[in-house]
Amino acid sequence: MQAINSKLDLDVKGAFKHAQNAFNKQSMDLVIKLIHEDAEHHHVFFNDEGFHNHLVHQLLADYSLGADMPRLKKAYNDNAVFQRPKRPAKSDFAWNSLACLGNEDYYTNYVNFFLEEIQKMGIKRSIEHYIFEQDSRLGFYARFLAGVYHPMIHLGYGIEFNYPLMVAEGLAWVAVHKPRSHEFYEALNKDKNKLLPVTTALENILFTRQDPRIDNVVRWSDDDKYTKVINAIPDVLHEYCQRWTVSESLDGPTGLRARASELQILAATLHAGSYCPGKEIILDFFLMHTLTSSLFLHSYIELLESHYAALVLRGKFAADLIYYIAHGRPYLNIEQFRAYPQLLSFEQIIAKAIASEDDHVPKAVRALIHACHYDESQVLSLEIYQAMASLTVDDNLYWSLDAIGFDEARRNKKNKKQLANTRIIS
């Protein structure tokens with residue numbers, strides 16, 4: 001296990017600009033101690049349904065926003081009580097065995113394995129080698145994009161804070177997830193660019209609302225809407241992905257930095273745009289994860305070789321596209337945020353985010369602030385990001401687990417919507 005006295009790196013290029021008091025040594029020492037406690041004692045999933053232990057995600061989000069030590073301890077303790085214990089390593093482990101990959105029983109083995117690999121290869125090469133350079137039959141790229149973005153998120157935290165233990169855990173998260181829609185994602189990166197109109201990520205996804213080929217592909221009553229969409233219209237999805245070209249240069253209108261910012265703008269819009277003024281504050285729980293995962297894109301592209309960074313962005317766009325279609329292609333109203341009546345200052349927003357009983361709220365707020373910082377052309381204005389963040393910390397916010405784009409999600413009781421402070425965890 002990594003030495004307890006190692007430091008978090010708060011100056012990683014592309015990462016969130018952390019609150020000044022995050023540099024306090026006592027706070028940092030506490031966070032490191034709690035990260036190690038979680039790593040020593042807790043499993044990757046906290047129940048048998050595959051719900052993720054993202055205890056340290058809230059811890060690091062609160063810390064990054066400037067939470068004090070009592071709050072950091074509370075964030076840890078509130079989440080630690082329902083975690084499952086870490087399992088012992090198994091003797092029959094082989095990292096590239098299909099009997100071990102996708103099997104949570106081998107999570108401890110994978111963490112130990114990737115810690116050793118990072119010691120030998122470093123963070124950058126370990127990520128590149130194991131996610132992007134393996135035999136496609138092992139499915140690492142699809143595993144990276146599985147689990148409602150959670151492997152990407154956990155690995156992203158490791159990159160953002162330049163912390164080898166969390167990178168090893170993130171790679172282990174990738175390894176123990178199923179390679180969901182493996183064939184689709186492998187084919188995505190073999191597509192040849194065609195002479196199709198080049199669009200922004202948001203423009204591209206909004207086109208789907210008028211595409212009759214997508215009508216009735218998925219119904220509200222379908223259980224696994226994500227897989228249903230992929231299986232029903234893979235060629236249509238590939239066409240939309242080809243319209244969104246990514247250059248392997250860092251700069252330029254389709255360069256990596258510009259395209260990462262587009263995905264942040266898209267994710268902010270997917271997260272908040274379906275809100276209907278004058279009604280209950282209901283946001284889609286799964287589309288919210290498009291936002292919380294988008295925060296790490298700039299950290300990824302600044303770390304990885306351009307070819308691999310482009311693969312991260314293409315995969316993220318494809319996943320966002322699929323979730324939007326699967327969740328009913330909700331109407332996304334940005335104009336409503338130009339005169340949002342309950343606008344809070346960013347200081348108030350951050351204070352409420354840190355105090356929230358829902359661990360997703362500080363993560364979403366942090367992602368909105370980060371997106372605002374990188375939206376240099378102000379596709380969404382400062383006030384719009386501020387309004388979206390104000391909405392996110394509203395005390396009456398509900399998450400819908402029920403695909404918000406379908407009318408039935410607001411009318412019916414299936415997967416009853418729940419107050420955000422009940423800490424719904426995907």
Practice task
Kindly indicate whether any position in the stretch 200-217 is farther than 29 Å from residue 117 by Cβ, outside the structural domain of residue 97 (by TED's automatic domain parsing), basic (Lys, Arg) and at pLDDT 95 or above.
Solution key: yes
Exercise for the section: Kindly provide the set of residues from the stretch 109-122 that are among the aliphatic types (A, V, I, L, M) and surrounded by fewer than 17 Cβ atoms within 10 Å (Cβ to Cβ), ordered by number. Expected result: 121
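Tell me, yes or no, whether the stretch 118-132 has at least one residue that is in contact with a Leu (Cβ under 9 Å, 6 or more places away or on another chain) and either in a loop (DSSP other than H, G, I, E, B) or free of Cβ contacts under 8 Å to residues at least 40 places away in the same chain (or both). Working first, answer last.
First, pick out the residues of the stretch 118-132 that are in contact with a Leu (Cβ under 9 Å, 6 or more places away or on another chain): 118, 123-124, 126-128, 130-132.
Going one step further and asking which of them are either in a loop (DSSP other than H, G, I, E, B) or free of Cβ contacts under 8 Å to residues at least 40 places away in the same chain (or both), we end up with none.
No, that holds for no residue.
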Practice task
Assess whether residue 77 counts as being farther than 25 Å from residue 143 by Cα and among the polar types (S, T, N, Q).
Solution key: yes
Problem - Restricting the stretch 326-342 to residues that are assigned to a helix (DSSP H, G or I) and either small (Gly, Ala, Ser) or under 24 Å from residue 254 (Cα atoms) (or both), the residue that is farthest from the chain's Cα centre (by Cα) - result: 339
Problem - Test: residue in the stretch 300-313 that is buried (at least 19 other Cβ atoms within 10 Å of the Cβ), of a type in the set (A, V, I, L, M) and over 20 Å from the mean Cα position of the chain (by Cα) - result: no
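Quick grid of which residues meet (1) modelled with pLDDT of 95 or more; (2) touching a strand residue (DSSP E or B) at 6+ places or on another chain (Cβ under 6 Å); (3) within 19 Å of residue 293 (Cα to Cα):
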| residue | (1), (2), (3) |
| --- | --- |
| 7 | no, no, no |
| 17 | yes, no, yes |
| 22 | yes, no, no |
| 35 | yes, no, no |
| 48 | no, no, no |
| 60 | yes, no, yes |
| 67 | yes, no, no |
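Within the stretch 362-380, how many residues are modelled with pLDDT under 95 and on the phi < 0 side of the Ramachandran plot?
Keep residues of the stretch 362-380 that are modelled with pLDDT under 95, which gives 376-379.
Checking which are on the phi < 0 side of the Ramachandran plot leaves us with 376-377, 379.
Qualifying residue count, the stretch 362-380: 3.
If you check 160, 186, which single one turns out to be acidic (Asp, Glu) and touching an Asp or Glu at 6+ places or on another chain (Cβ under 9 Å)?
Numbers: 186 fails: touching an Asp or Glu at 6+ places or on another chain (Cβ under 9 Å).
Exactly one residue qualifies, and that residue is 160.
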Exercise for the section: Search the stretch 252-277 for residues that are farther than 19 Å from residue 366 by Cα and assigned by TED's automatic domain parsing to the domain that holds residue 295 and pair each with any residue that is aliphatic (A, V, I, L, M) and in a helix (DSSP H, G or I) when their beta-carbon atoms are under 7 Å apart and the residues are at least 6 apart or on different chains. Expected result: 252/258; 256/301; 256/309; 256/310; 256/313; 259/313; 275/391
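With the condition kept exactly as written, say whether any residue in the stretch 330-352 is among the basic types (Lys, Arg), surrounded by fewer than 23 Cβ atoms within 10 Å (Cβ to Cβ), touching a helix residue (DSSP H, G or I) at 6+ places or on another chain (Cβ under 9 Å) and within 25 Å of residue 131 (Cα to Cα). Spell out the reasoning first.
Taking the stretch 330-352 first, the residues among the basic types (Lys, Arg) are 338, 352.
With the extra rule that they be surrounded by fewer than 23 Cβ atoms within 10 Å (Cβ to Cβ), the set shrinks to 338, 352.
The next check asks that each one be touching a helix residue (DSSP H, G or I) at 6+ places or on another chain (Cβ under 9 Å); those that pass are 338, 352.
The next check asks that each one be within 25 Å of residue 131 (Cα to Cα); those that pass are none.
Looking for residues that are among the basic types (Lys, Arg), surrounded by fewer than 23 Cβ atoms within 10 Å (Cβ to Cβ), touching a helix residue (DSSP H, G or I) at 6+ places or on another chain (Cβ under 9 Å) and within 25 Å of residue 131 (Cα to Cα), one finds none in the stretch 330-352, hence no.
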Practice task
Look through 421, 396, 412 and report the one residue that is within 22 Å of the chain's Cα centre (by Cα) and at pLDDT below 95.
Solution key: 421
Practice task
State which residue pairs qualify: first residue assigned by TED's automatic domain parsing to the domain that holds residue 62 and inside the stretch 20-39, second residue among the polar types (S, T, N, Q) and not in a helix (DSSP H, G or I) in any location, beta carbons under 8 Å apart, and separation of 6 or more residues or different chains.
Solution key: 32/5; 32/6; 36/2; 38/53; 38/83
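If you take the residues of the stretch 216-227 that are touching a helix residue (DSSP H, G or I) at 6+ places or on another chain (Cβ under 7 Å) and within 17 Å of residue 286 (Cα to Cα), which of them is surrounded by the most Cβ atoms within 10 Å (Cβ to Cβ)? Steps first, please.
Residues of the stretch 216-227 that are touching a helix residue (DSSP H, G or I) at 6+ places or on another chain (Cβ under 7 Å), as a first pass: 217-218, 220, 222, 225-226.
Next, from what is left, pick out any that are within 17 Å of residue 286 (Cα to Cα): 218, 220, 222, 225-226.
Details: 218: 24, 220: 17, 222: 15, 225: 22, 226: 20.
That would be 218.
To keep it simple, each residue is scored yes or no on (1) among the hydroxyl-bearing types (Ser, Thr, Tyr); (2) assigned by TED's automatic domain parsing to the domain that holds residue 313; (3) modelled with pLDDT under 95; (4) under 18 Å from residue 60 (Cβ atoms).
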residue: 127; (1), (2), (3), (4): no, no, no, no
residue: 134; (1), (2), (3), (4): no, no, no, no
residue: 141; (1), (2), (3), (4): yes, no, no, no
residue: 147; (1), (2), (3), (4): no, no, no, no
residue: 154; (1), (2), (3), (4): no, no, no, yes
residue: 166; (1), (2), (3), (4): no, no, no, yes
residue: 169; (1), (2), (3), (4): no, no, no, yes
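The values are calculated or read from the model by the stated rules, or taken from the named source; none is laboratory data. All of these numbers come straight from a predicted model, not from anything done at the bench. Note that each Cβ is placed from the backbone with ideal geometry, even for glycine, and that neighbours are counted across all protein chains shown.
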